[in-house]
1. For the chain, how big is the tail of P(r) above 26 Å, as a whole percent of Cα pairs?
2. For a quick check: with amide H placed at 1.01 Å from N, whose amide H comes under 5 Å from Thr225's, ignoring anything fewer than 5 positions away on the same chain?
3. Which whole-number percent gives the relative contact order of the chain, counting Cα pairs below 8 Å spaced six or more residues apart?
4. How much FRET efficiency would the formula 1/(1 + (r/R0)^6) give for Asp143 and Ile163, where r is the Cβ-Cβ distance and R0 is 30 Å, rounded to 0.05?
5. If you wrap the stretch 169-362's Cα atoms in a convex hull and average its projection over all directions, what's the area in nm²?
6. Can you give the extra length, in nm with one decimal, that the chain gains between Arg81 and Asp318 once fully stretched, where that is 0.36 nm per residue apart less the Cα-Cα distance?
7. Which residues among the stretch 255-292 fall inside the zone where the amide N is under 15 Å from a point 7 Å beyond the Cα of Gln236, along Cα→Cβ?
8. Among Phe220, Phe46, Phe138, which comes first, then next, by fewest other beta-carbon atoms within 10 Å?
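Each value in this text was obtained by applying a stated rule to the coordinates, not by laboratory testing. If you're wondering where the values come from, they're calculated on a predicted model, not measured in any experiment. Neighbour counts are summed over all protein chains in view; Cβ atoms, including those assigned to glycine, are modelled from backbone coordinates with ideal geometry.
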Amino acid sequence: MIVAGEYSGSLYGSVLARRIAELSPGIRLTGIGGHHMEEAGVELLFDSSTWGGIGLVEALKRSPLLLWIFVRLKRFIRSSRPDVIILIDYPGFNMRVVRFARSLGIPTLYYFPPGKYRCAPEDVRDAALTITRVAAPFQIAFDRYQAHNARVELVGHPLLDVISNDTDVQTTRRELGVGPDEQVVGLLPGSRLAELELHTPLLCRAATLLREQDRTLRFFMPLVTYRNASLTTTVQSLVNREIAASRAPITVLKEEAHKVMAASRLILVSSGTATLEAAYFGTPMVIVYRVSRLTALFAPLFHSIPFKFVGLPNILADRPIVPELIQDQFTAENVATAAREILTDRARHDRIRSELLALIPLMGEKGASDRVARMALEMIS
């Protein structure tokens, strides 16, 4: 069984599922995820594509649904007795699954465990004592779990298994219809509905401001697709409405984020997995994020560790490689200003690119999905 709670988890879960099936033909894979996992042959019990929330208020709205799903999932686990349960990220839900599986004597393998980037020490200690085996994507997570005597292996990041390393920038630009004298700016407002609602209007307005001063700029906004057709329609309508309101010349693409990252001179991107993907391409970025005011008000009550950075490239480097505009700092004017400074300063642009590419070794070596698949099958045998 594979349980992934959000878009990126489902994507990585699909690569893992395919590798498990290759190594063990005929194996039955069940789980929770999105369309990527379903297409990889996983029998989906529940669709998690709508689960993403970005704060206290958003989480409270989803609590009744997640509680109902958890009750149903426990029934399924108790009756089907999977040989191993693989959890991918989404610790608020998945650690409950871990504890229930442990009570039944079912082994668990946690991929992208709690505290993979930062976490209170007690949370890592609790997870280390509860999870059967841990697959750490980064050295920092490996060190934390090893310090608590967990059965942990450093597997690397599956991003290296997902992204093609032979992307030709000029070919990609031609495929996007970009002229030789034009510069591409990517707009990535996020994959969660709440992120799209809060980020899209500001990024569209920032694009308008940038275009007013530089007519050579071309803007592309890649959007994810969801297993839930209604959600896909809602997101498309939201984006179309905001683009029309801003009058920004933005081209919307489906599932083409990596192509946009490769072709872009700069991206304006919501904090999340996409920032690490952009780092792989060496694409300079301005990282943005905003939550509801109520969530921001109560956040200090639930986070005992002050966040030094929110963007993964900055977290991994432990220094500000790229600018971050969070909450009230995230305005269209500030985004446009930060973007313009990178676009017009070639030396700074190239320095950021070099520092981002230097992060790639921190993601480990290609083959993370294979290593996790073999860990899971070892636990079965």
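1. Tail of P(r) above 26 Å: 52 percent of Cα pairs.
2. Glu255
3. 18 percent
4. 0.75
5. Mean shadow area of the hull around the Cα atoms is 11.5 nm².
6. Gain on stretching Arg81 to Asp318: 81.1 nm.
7. 255-256
8. With the sparsest Cβ surroundings first, the list reads Phe46, Phe138, Phe220.
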